[in-house]
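**Student:** Quick one: this structure, given as structure tokens, is what I'll be asking you about.
The values are calculated or read from the model by the stated rules, or taken from the named source; none is laboratory data. Here the structure is a predicted model, which means the values were calculated and not measured. Because the Cβ atoms are built from the backbone with ideal geometry, glycine has one as well, and the counts that use them run over all protein chains shown. Heads up: the accessible areas ignore ligands, DNA and RNA and are worked out on the full protein's heavy atoms, side chains in. Shrake-Rupley method; radii C 1.70, N 1.55, O 1.52, S 1.80 Å.
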Amino acid sequence: MQISNEEYRQLKPLLFSLGYRLLGSANDAEDMAQETFLKAYQIEEELVDNKKAYLCKMMTNRCLDLLKSARHKREIYTGPWNPEPLMLEGDPSEYVLQREGLSIAYLRMMEHLSPDERAVLLLREAFDFTYSEIAGMLDKKEDNCRKIFSRAKQRMVAVEGESLDYESNRSIILRFIEAFQMHNMDALLELISDNVTLFSDGGGKVHAAVRPIHSRSNVIAFLFGIISKAPDNFYVEVNTVNAQPAILIYIDDVLQSVISFYIQNITIKEVYITLNPDKLPTLR
């Protein structure tokens, strides 16, 4: 299959976006996209009717194979697993075309889906392929794909109410930071849900909570504990991660962790702290 420079420029972000959403890993998505293009050059031109659909099929199947082989690793992963945070510099179109379904909360919920459910949901909802096209990509019947999509949507209902209003969410996060700095408990109680859950991902590489932390009082105490132990060269900034505002924590000008949020009805429902150093270098 011949792929021009212009076609590569247009299709590379699509494949990366698909792979990142399927795998929750920017590095793996980048590798899978490159492998897909290399394999595509070996395909005879006359066998391909639609390059975009064919490449997405190849990319999807490569990612599904990786997901199935990595399932055991996820099962023995130390502590909660968060997707790799993705921070884009420059033109975001170089990496991600669609912003729907890109939040940490959404990607984390995808972990509850089977690989096939994940693929059908993304191909239909985020990439707008028809059921007929999806059936061809996954070698399934069209009716089966419809059923898989319906089942996946039901399992993702927990994040349907997520706020994706960037400015509103940024305002909430800035107030959240200020409330901690000022030890303003009234403000914290207003911002954080009573049944909030915090997921701290250290991957066994750095110190982190190995179990989810539940309830507002426990989460606030945990965060105050982190702040109390922070060195003098500790500072934070708010930046865009996975198309939403997030807190980046630096020590001695080195990124140590990323804090992302699931916000619903102007209230923080979940907090995701990613400390695993293997995940932080993927920030771009």
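**Student:** Within region 216-254, how many residues turn out to be assigned to a loop (DSSP other than H, G, I, E, B) and exposed (fewer than 15 other Cβ atoms within 10 Å of the Cβ)?
**Tutor:** Residues in region 216-254 being assigned to a loop (DSSP other than H, G, I, E, B) and exposed (fewer than 15 other Cβ atoms within 10 Å of the Cβ): 7 in total.
**Student:** Here's another thing I want to ask about it. Conditions first: (1) open to solvent by 20 Å² or more (accessible area, probe 1.4 Å); (2) modelled with pLDDT of 95 or more. Residue 274 passes all but one, so which condition is the exception?
**Tutor:** Among (1) open to solvent by 20 Å² or more (accessible area, probe 1.4 Å); (2) modelled with pLDDT of 95 or more, the lone unmet condition for residue 274 is (1).
**Student:** Sort out for me the helices (runs of 4 or more DSSP H) sitting completely within region 94-172 that have 2 or more residues that are modelled with pLDDT of 95 or more and surrounded by fewer than 17 Cβ atoms within 10 Å (Cβ to Cβ).
**Tutor:** 142-155
**Student:** Turning to a different aspect of this structure: Of the conditions (1) part of a strand (DSSP E or B); (2) out of contact with any helix residue (DSSP H, G or I) (no Cβ under 8 Å at 6 or more places or on another chain); (3) aliphatic (A, V, I, L, M), residue 196 satisfies every one except a single condition; which number is it?
**Tutor:** Condition not satisfied by residue 196: (2).
**Student:** I would also like to ask the following. Kindly establish whether residue 12 is modelled with pLDDT of 90 or more, exposed (fewer than 15 other Cβ atoms within 10 Å of the Cβ) and farther than 30 Å from residue 208 by Cβ.
**Tutor:** On the way: modelled with pLDDT of 90 or more: yes; exposed (fewer than 15 other Cβ atoms within 10 Å of the Cβ): no; farther than 30 Å from residue 208 by Cβ: yes.
In short, no.
**Student:** While we're here: Where residues in region 255-267 are β-branched (Val, Ile, Thr) and out of contact with any Ser or Thr (no Cβ under 6 Å at 6 or more places or on another chain), which of them is most open to solvent (accessible area, probe 1.4 Å)?
**Tutor:** Taking the candidates together, the pick is 266.
**Student:** When the residues of region 182-210 are narrowed to those that are of a type in the set (D, E, K, R) and within 11 Å of residue 78 (Cβ to Cβ), which ends up most open to solvent (accessible area, probe 1.4 Å)?
**Tutor:** 205
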